[in-house]
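Participant: To start, I am sharing the structure in question, which I have written as structure tokens.
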Amino acid sequence: MSNLLKYTPITTDDISQLMPIENTCHSHPWTEKTFSSCIGGRYFGEKLAETTEKIIGFYVGEFVVDEATLMDICVDPTEQSKGYGKKLLHHFIEQAKAKGAIKIWLEVRAKNISAQMLYMNAGFIEISRRTGYYPSSKGFGYEDAIVMSLKL
């Protein structure tokens, strides 16, 4: 992992570069229209790139009053298991703090154990479950969402 990492704010011009990562990270990815609607206003996001300008991953968050929500976080599958997810999550937490957040929320698929471990290791705790919230990644049925929170 390069020590020369760069975080830059996501703009609508970045969406075409981020969609391939979004599409490979999620069984039911955002559309370009949804992604575009989550830029600006109450939303904030950053992309992470090495100095070679290869985009490694990104996150999108929402900030309302004094709470932040992690809406999406993705690391290019070819770059996973190298600590980038942890770096992106910690950067998101720091940005949320800088905006004045006192609590952060997120939800994660019940079967996504690696993401749950990432969040728990950052101090998030399970608050509740949303039964049958996500369409199954197998194409039939539904999967629970685990709602997690972190007090800052």
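Participant: What are the pairs, 6+ residues apart or on separate chains, where a residue within the stretch 102-129 that is closer than 14 Å to CYS74 by Cα and of a type in the set (A, V, I, L, M, F, W, C) has its Cβ under 8 Å from a residue that is part of a loop (DSSP other than H, G, I, E, B) and modelled with pLDDT of 95 or more?
Facilitator: Taking only residues 6 or more apart or on different chains, the pairs are LEU106/PHE124.
Participant: Out of the residues in the stretch 101-129 that are over 14 Å from the mean Cα position of the chain (by Cα) and over 14 Å from SER149 (Cα atoms), state the one that is surrounded by the fewest Cβ atoms within 10 Å (Cβ to Cβ).
Facilitator: ILE113
Participant: Which residues, taken from the stretch 116-145, are touching a Leu at 6+ places or on another chain (Cβ under 9 Å) and small (Gly, Ala, Ser)?
Facilitator: Scanning the stretch 116-145 gives ALA122, GLY123.
Participant: Restricting the stretch 28-48 to residues that are part of a loop (DSSP other than H, G, I, E, B) and not aliphatic (A, V, I, L, M), which is modelled with the lowest pLDDT?
Facilitator: Filtering the stretch 28-48 for residues that are part of a loop (DSSP other than H, G, I, E, B) and not aliphatic (A, V, I, L, M), the one modelled with the lowest pLDDT comes out as HIS28.
Participant: Test of understanding: among VAL75, VAL64, VAL60, which residue is in contact with a Lys or Arg (Cβ under 7 Å, 6 or more places away or on another chain) and without any contact (Cβ under 8 Å) to a residue 60 or more places away in the chain?
Facilitator: Only one candidate passes the filter, namely VAL64.
Participant: Okay, moving on. Is one or more of the residues making up the stretch 54-69 part of a helix (DSSP H, G or I) and hydrophobic (A, V, I, L, M, F, W, C)?
Facilitator: no
Participant: Suppose we filter LYS86, LYS47 for residues that are exposed (fewer than 14 other Cβ atoms within 10 Å of the Cβ), touching a residue at least 24 places away in the same chain (Cβ under 8 Å) and charged (D, E, K, R); which single one remains?
Facilitator: That would be LYS86, the only listed residue that is exposed (fewer than 14 other Cβ atoms within 10 Å of the Cβ), touching a residue at least 24 places away in the same chain (Cβ under 8 Å) and charged (D, E, K, R).
Participant: Same structure, new question: Going residue by residue through the stretch 8-27, is there one that turns out to be surrounded by 17 or more Cβ atoms within 10 Å (Cβ to Cβ), under 23 Å from ILE146 (Cβ atoms), at pLDDT below 95 and over 11 Å from the mean Cα position of the chain (by Cα)?
Facilitator: Scanning the stretch 8-27 turns up no residue that is surrounded by 17 or more Cβ atoms within 10 Å (Cβ to Cβ), under 23 Å from ILE146 (Cβ atoms), at pLDDT below 95 and over 11 Å from the mean Cα position of the chain (by Cα).
Participant: So which residues in the stretch 45-103 are on the phi > 0 side of the Ramachandran plot and in contact with a Ser or Thr (Cβ under 9 Å, 6 or more places away or on another chain), if there are any at all?
Facilitator: Hit for the stretch 45-103 is SER81, nothing else.
Participant: Take THR51 and tell me if it is modelled with pLDDT under 95 and in contact with a strand residue (DSSP E or B) (Cβ under 8 Å, 6 or more places away or on another chain).
Facilitator: Working: modelled with pLDDT under 95: yes; in contact with a strand residue (DSSP E or B) (Cβ under 8 Å, 6 or more places away or on another chain): yes.
In short, yes.
The values are calculated or read from the model by the stated rules, or taken from the named source; none is laboratory data. It should be emphasised that the depicted structure is a prediction, and the values quoted were computed from it without experimental measurement. Cβ sites come from the backbone with ideal geometry, for glycine too, and all protein chains shown count toward neighbours.
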